[in-house]
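Written below as structure tokens is the structure these notes are about.
The values are calculated or read from the model by the stated rules, or taken from the named source; none is laboratory data. Everything numeric here is computed off the predicted structure, so don't read it as measured data. So basically every Cβ, Gly included, is an ideal-geometry build from the backbone, and we count neighbours across all protein chains shown.
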Amino acid sequence: MKAYMVFDIGGTYIKYAVMDETAKKFKSGKLMTPKDGLEIFLQTLQRIVEQYSDDFDLQGIAVSSPGSVDVKTGFIGGASAIPYIHGVNMTGLIKERTGLQTAIENDANCAALAEGWLGAAKGTDYYICIVIGTGIGGSIVLNQSILRGAKLHGGEFGYMIMGAPFQEEPLQGTWSLVASTNALVEEVKKGKLLGKGTLDGEEVFRLAEEGDSVAQECLTEFYKRLAIGIYNLKYALDPEKILIGGGISKQQDVIAGINRELKRLRDDISTLHIEVEACQFGNDANLIGALFHFLK
């Protein structure tokens, strides 16, 4: 049976699946990402491929990876929690080790491609995906292709400066630093005089649901900051759809809260209707998008 070996490389886990060309999964699993260097990493991937090569006619390997992936050269720039994957021709190394054609794409781009192929942006020619987590990142997709930018920084929305541009340290007011999930948690901790490690994003939403005034006020401000950045992106890029991804997008109130604040930004001059939707795929998004990138 013809199939594809797909990997989602993360700082903690490597997820993998054997999939067909429609993204149907035949086998799947995960294991801890090796910390002992590149050779152990390559041996791990090779072992998984060999495990399924007898039962499936593997046509190639699709990989979702952190970092600034140059899909033309196979090199991964930038930085991540897996330092040994950077600065080497990862595509070439995996192909050499397994004998299979290999394609690698950035993880955020994979998530965005998955939405355009089979998810919330299916049938949409031009959309952006904003991923909210430790920071804010994302992707710009036009005709099922990623707009990467001259230096592979297309979609790095979190670098937008949201504070006063002439303040002493303007880079301390980037979108990632003021409107990420981490920023929300830190604001609530500060308001409640809590120490390190005493709160996370899910707890913030639970507190708000229970009527905690500090959590509710911080969430309102959080939605405003997100809405301002989204407003800017809409007027700069004018996509057909704006999707919100990351774990926080699964919170029922998030999409409604952002859209409520976006509605308040309309006036006689700013007349565009701006609305966001949640990404459809969760844990499988990177696998699905990596497969689509390989097939394309």
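Remarks
- Residue match in the stretch 214-236 (condition: outside any helix (DSSP H, G or I) and among the aliphatic types (A, V, I, L, M)): no
- Identity of the residue in the stretch 3-40, over 22 Å from the mean Cα position of the chain (by Cα) and free of Cβ contacts under 8 Å to residues at least 24 places away in the same chain, that ends up farthest from Ser80 (Cα to Cα): Asp20
- Hey, Leu194 farther than 30 Å from Met5 by Cα, assigned to a helix (DSSP H, G or I), aliphatic (A, V, I, L, M) and in the same structural domain as Tyr231 (by TED's automatic domain parsing) or not: no
- Being under 27 Å from Leu113 (Cα atoms), free of Cβ contacts under 8 Å to residues at least 60 places away in the same chain and either in contact with a helix residue (DSSP H, G or I) (Cβ under 9 Å, 6 or more places away or on another chain) or of a type in the set (Asp, Glu) (or both) holds for only one residue in Thr174, Thr220, Thr181, and it is Thr174.
- Qualifying positions in the stretch 105-156 - in a strand (DSSP E or B), modelled with pLDDT under 95 and of a type in the set (Gly, Ala, Ser): Gly137, Gly138
Let's see how each residue does on (1) more than 24 Å from Cys218 (Cβ to Cβ); (2) surrounded by fewer than 21 Cβ atoms within 10 Å (Cβ to Cβ):
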residue: Gly137; (1), (2): no, no
residue: Val141; (1), (2): yes, no
residue: Lys151; (1), (2): yes, yes
residue: Gly155; (1), (2): yes, no
residue: Met160; (1), (2): no, yes
residue: Glu169; (1), (2): no, yes
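- Qualifying residue in the stretch 91-101 (condition: part of a helix (DSSP H, G or I) and under 15 Å from the mean Cα position of the chain (by Cα)): no
- The stretch 254-274, subset surrounded by 14 or more Cβ atoms within 10 Å (Cβ to Cβ) and charged (D, E, K, R), residue nearest to Leu226 (Cα to Cα): Glu261
- Annotation note: Cβ proximity below 7 Å between a residue of the stretch 257-277 that is without any contact (Cβ under 8 Å) to a residue 40 or more places away in the chain and a residue that is assigned to a loop (DSSP other than H, G, I, E, B) and surrounded by 13 or more Cβ atoms within 10 Å (Cβ to Cβ) (sequence gap 6+ or interchain) occurs for Ile258/Val276; Asn259/Glu275; Asn259/Val276; Leu262/Ile274; Leu262/Glu275.
- Some residue of the stretch 59-77 being part of a loop (DSSP other than H, G, I, E, B), over 26 Å from Ile244 (Cα atoms) and among the β-branched types (Val, Ile, Thr): yes
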